[in-house]
Structure formats: structure tokens, C-alpha cells
Amino acid sequence: MLWIENMRSVYDSRMSLPTPDPGFDAHSLRLVKAIADTGSITAAAAALGYSQPAVSQHLKALESRLGVPLVERVGRRVRLSEAGRVLARHAPTVTTALEAAAGELAELRGLKSGRVRLVGFPSASPTVVPRLLARLAETVAGVTVTYVEAEPPAAVEAVRDDRADIALTFSYPGDRDDPHRASAQGLSVREIAVEPMIAVLPATHPAAAHATVDVASLASDDWIAGCPQCRGHLLELCDRAGFVPRITFETDNFVAVEGLVAQGIGVATLPRLAVASFPALPGIVTVPLPATEQRTLHTVTAHGADRVPAVAAVLAAIAEVTAAVASGGDGPAN
């Protein structure tokens, strides 16, 4: 009897599942691969959207767990050690496989339930978002969307911090502070639509009767500026036209912008979604800027997020609804 119990113990020990701990995860692999691609810890940190000290600390902890150095210093630069090159070589295969597995599991679960966290800019709130929710209710009723309003830099940061799944953002031509350059590195950015920019003028303004507005003709006017990013675009726009705008008022509230213009306080520019979000006030005229002055609309997600069916469904609906509204294919929200 004792012999049988001993043999059972040996059998059970041989048949138990191994639990290897390689000492690294997908995040670590991405970090080592970024160092290989960029040639420095500082550049890798910038590419991934992290601080240089955070990457250095993670790398040091990873080397301690593995028991081998992953980088070698050559003068002021670093290069991967042999162990680092091994991890970098396998990184794309491993991380892609993990993302694919997550997507396939999500597909097996299907779209019967799911929650997607969306964050978007203010003029999308009364225009894009209501139509998006209505579209989703018709097509994928089991998907729940939560929504928070934020300007693009904060929206991108929400995705990076895993406080949102999708950010709906915008950028302007020539924008030096475009949030899709540095802050969105390491994330997935998709252009989904372009949106005309509109000059908002008092009805008595000489340019109010024109088909389009030459910005240079507004050089002598007082200006009303919007959010910091919109203000930056205004400065760029006027700089290209050869003047510095005389900004007398600043407000993030586009209803207030139109109210100030209606009273003859100044002129302004607004994106079409802002103009379309409520009926035009008496005393103003909206005239398109040249077609080159369009605002680009984007969605921002983590890489691989579109493999999750609920997120993919919301991304597709956002692209369809936003393109229609931004091009003028839909009127103001009720």
C-alpha cells in the first residue's frame, strides 16, 4: 500500500503543470526592442512615451531579475548586450502573439456585452457623440459607451494612463503643439476625417459677403481666441498671412465666441463642428476659410485595442459618424 502511495506521488509530481517564470513580460520586451531601434535609453523612453528615469529603473530591475546585463555602455551611447539582442529578436513575435490571443478571445466572447471608455473634445459632445450613441444602439446594442469631455492633450493622456479606451482628438495644420507628435508616441493614431475651419464675422463686416475669407483682410480687426490649442492655430494662421492678431478676448466657450462677435467685439475662427453644434446667433455671418485650413480629426488608442470587438465596433462607428458630421452631412444636434 505504501509502495502504491509513493508511486502515485511520483506520478502526480511528473504530471503537474510546470510554472516557469521567465522574469520578463510584454512591456519589458517592448522596452528592450525600443532601445534596439533607437540606440539609446532616452530615445526609447521618448518613443514609448515614458520618462527616461522610469525606463532606466525598469531596465535595472529587469536585469536584476534575469541575472544578466541587457545593455552595454559605449562612450555616451548604449547598445544591447547579447542577452538584450535575444530579447529584442523575440519581442515582435511575442507581443504580437499576445495581442492576437487577446483579440481572438474577445471575438469568442463576441459583442453581446462590453464597455468602451471614450473621451473627446468639447465640440464633439453635442455633434458626434449623440449620433454615435444612437448608431451603436441600433447596431451593437450590448456595447456600453461611457464618455468624458477633454481637450486633445488630456484625452491622449487618458488613453496612455488606461483611463480611456478611445480618444477622439483633433490637430491643426502647422501646429507646433500637435498632441499626436510627442505625447501620442507608442499609441495608435488614426485620421478619420477633416473638418473645415470657419471665419465668424459680424454681419456688417466687409468680408461677410465673400464666398471665402482671405485671413490677411482681417489683419486690422480685433480677435477672439479659443482654447490654448485653437489659439496656437490662430497665431500660426495669421503668421502665414503676414500679421500678428490683436487678441482682445479669450474663451473656451464657442457660444460665447459667437456672442462676442455678434456684438461687434471682434472676429474669430471656429471649426465646423463648433458652428454646427447650435443655431447661429443673430448678427453673425460664418464664411469658410480656404480649404487648406482644415482641422484633422483622429482617434487614439493603445496598440492592438482594435482587436477587441467592442472597441473595433466603436472605432468604426466613430469614423463613419464623424466624417458625415464634419463634412456637413448632418445638422446640429437637437
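Filter region 297-330 down to residues that are part of a strand (DSSP E or B) and within 15 Å of residue 187 (Cβ to Cβ) and give me whichever is most open to solvent (accessible area, probe 1.4 Å).
The selected residue is 302.
Output the residue which, of all residues in region 102-136 that are hydrophobic (A, V, I, L, M, F, W, C) and at pLDDT below 75, is surrounded by the fewest Cβ atoms within 10 Å (Cβ to Cβ).
108
Go through region 68-82 and count every residue that is within 22 Å of residue 26 (Cα to Cα) and in contact (Cβ under 8 Å) with a residue 24 or more places away in the chain.
Number of matching residues: 5.
Report those strands (runs of 3 or more DSSP E) wholly inside region 236-296 carrying at least 2 residues which are open to solvent by less than 30 Å² (accessible area, probe 1.4 Å), closer than 17 Å to residue 173 by Cα and not polar (S, T, N, Q).
In region 236-296, 268-271 are the strands (runs of 3 or more DSSP E) which contain 2 or more residues that are open to solvent by less than 30 Å² (accessible area, probe 1.4 Å), closer than 17 Å to residue 173 by Cα and not polar (S, T, N, Q).
Could you say which residue among 63, 99 is modelled with pLDDT under 85, assigned to a helix (DSSP H, G or I) and open to solvent by less than 60 Å² (accessible area, probe 1.4 Å)?
99
Suppose the filter is at pLDDT below 90, outside any strand (DSSP E or B) and either touching a His at 6+ places or on another chain (Cβ under 9 Å) or closer than 17 Å to residue 322 by Cβ (or both); does residue 158 pass it?
Judged against the criteria, residue 158 is not a match.
Provide a single number: the residues in region 184-225 that are under 33 Å from the mean Cα position of the chain (by Cα) and among the small types (Gly, Ala, Ser).
Of the residues in that region, 7 qualify.
For (1) surrounded by 14 or more Cβ atoms within 10 Å (Cβ to Cβ); (2) among the aliphatic types (A, V, I, L, M); (3) modelled with pLDDT under 80, each residue gets a yes or a no:
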residue	(1), (2), (3)
1	no, yes, yes
7	no, yes, yes
26	yes, yes, yes
35	yes, yes, no
40	yes, no, no
46	yes, yes, no
50	yes, no, no
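What number goes with the only condition from (1) closer than 28 Å to residue 50 by Cβ; (2) out of contact with any Ser or Thr (no Cβ under 7 Å at 6 or more places or on another chain) that residue 264 does not pass?
Just one mismatch for residue 264, condition (1).
Consider region 184-196. How many of its residues are open to solvent by less than 10 Å² (accessible area, probe 1.4 Å) and either at pLDDT below 90 or not in a strand (DSSP E or B) (or both)?
1
Please find, within region 161-183, the residue that is modelled with the highest pLDDT out of those that are of a type in the set (Gly, Ala, Ser), surrounded by 17 or more Cβ atoms within 10 Å (Cβ to Cβ) and farther than 18 Å from residue 115 by Cβ.
This residue is 171.
Given the criterion crowded, with 16+ Cβ neighbours inside 10 Å, more than 22 Å from residue 155 (Cβ to Cβ) and of a type in the set (A, V, I, L, M, F, W, C), identify the matching residue among 203, 199.
Exactly one residue qualifies, and that residue is 199.
Would you check which residues across region 220-235 are open to solvent by less than 40 Å² (accessible area, probe 1.4 Å) and either in contact with a Phe, Trp or Tyr (Cβ under 6 Å, 6 or more places away or on another chain) or under 19 Å from residue 286 (Cα atoms) (or both) and list them?
221, 223, 224, 225, 226, 230, 233, 234
The values are calculated or read from the model by the stated rules, or taken from the named source; none is laboratory data. The structure displayed is predicted, hence computed values, not measured ones. When we count neighbours, we look across all protein chains shown, and the Cβ atoms used for this are built from the backbone with ideal geometry, even at glycine. Please note that ligands, DNA and RNA were not included when accessible areas were found on the heavy atoms of the full protein model with its side chains. Shrake-Rupley method; radii C 1.70, N 1.55, O 1.52, S 1.80 Å.
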